[in-house]
1. Across segment 17-28, in residue order, what do the Karplus-derived ³J(HN,Hα) couplings come to in whole Hz, using 6.51 cos²θ - 1.76 cosθ + 1.60 with θ = phi - 60° and x for Gly and Pro?
2. What label, among [x] 163; [y] 137; [z] 196, belongs to volume of the Cα convex hull per residue in Å³ computed from the structure on display?
3. Could you list log10 I(q)/I(0) for segment 1-115 at q = 0.14, 0.15, 0.22 Å⁻¹, which the Debye formula gives when each Cα is one point scatterer?
4. Once the convex hull of the alpha carbons of segment 41-97 is built, what does its volume come to per residue, in cubic angstrom?
5. How do Arg165, Arg13 rank when sorted from fewest to most other Cβ atoms within 10 Å of their own Cβ?
6. Measure out, as a whole number of angstrom, how far apart the alpha-carbon centroids of segment 201-221 and segment 89-109 sit.
7. Using the Karplus curve 6.51 cos²θ - 1.76 cosθ + 1.60 with θ = phi - 60°, what ³J(HN,Hα) values do you get for each residue of segment 52-68, in whole Hz, with x for Gly and Pro?
8. May I ask for the angle, rounded to the nearest 10°, between helix 202-234 and the longest principal axis of the chain, with both axes built from Cα atoms and the value confined to 0 to 90°?
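Derivation of every value follows stated rules applied to the coordinates shown; laboratory data play no part. Fair warning: this is a prediction, and the values are worked out from it, not measured in the lab. Cβ sites come from the backbone with ideal geometry, for glycine too, and all protein chains shown count toward neighbours.
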Amino acid sequence: MPFEERRTSTRTRIVQIGAKLFVEEGYSKTSFSRIAKELDISLGNITFYFPTKEHLLAVLCNELCAFQRELMEKETGEGYSTLLSYCLELTSMTAICEEDPVASDFFRAIYTSPLSLDIIRDNDTEKTRAVFEFYRPEWSDSKWIEAENLVSGIEYGTIMTRESRTPLHLQIEGGLDTILTLYGVPEDVRRTKIEKVLSMDYRALGRRILGEFKDYLTKTNEEALQLAKSRHARNPWRE
């Protein structure tokens, strides 16, 4: 690959390999040195684009949020209500974190990184407003933001179940019931949605969604790499 083309696509390649290692080997176990070795570049090349590993994680967090938006659109298009789709999102994350240490490590990193947590809260404030505004029509913008700050903490407590003695189905039920209550969903509706979720094979659901997310990352980052190459081909002096 010519020097200028390498320069154009370096950031994209870092994201591509970093994402692969984060979700396959774990965020905690993946160092910038490992990524540099995988790409055969210097550490300075990586820190030029990403001062810390958290900055690279934030890019992946943005891709996770985009994936979740697409998944909700797909599920609602298949006949799921937005409320049920919302419940399935937390359920699948909780289930996969309970059985997959690498996934648990990845989500723990996202929910404890200030940069990534801000991204989650910004995205989820918009999403929860679309899902729950019917139940909370009187809420102001600041109230939706305040609620999401609380909900992100509840989500973190729910998905981090690996060391808990509480059975998984009770973790899911408790987390969903607390969140739906906060957003004003009536008890009968809460019970119906939670029972629907718990009647599913949610462990298989978690594995399937994780697989789809990995496929999404591969596809998205490969498309971004091809776009970077295409832009360089059209204008080799761009960078």
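1. For segment 17-28, the Karplus-derived couplings read 6, x, 4, 4, 6, 4, 8, 9, 10, x, 4, 4 Hz, x marking Gly and Pro.
2. [y]
3. With no solvent term, the Cα-only Debye profile gives -0.67, -0.74, -1.19.
4. So the per-residue hull volume is 108 Å³.
5. Starting with the residue having the fewest Cβ neighbours, the order is Arg165, Arg13.
6. 12
7. Taking θ as phi minus 60°, the curve returns 9, 5, 4, 5, 5, 4, 4, 5, 5, 5, 4, 5, 4, 5, 5, 4, 5 Hz for segment 52-68.
8. 30
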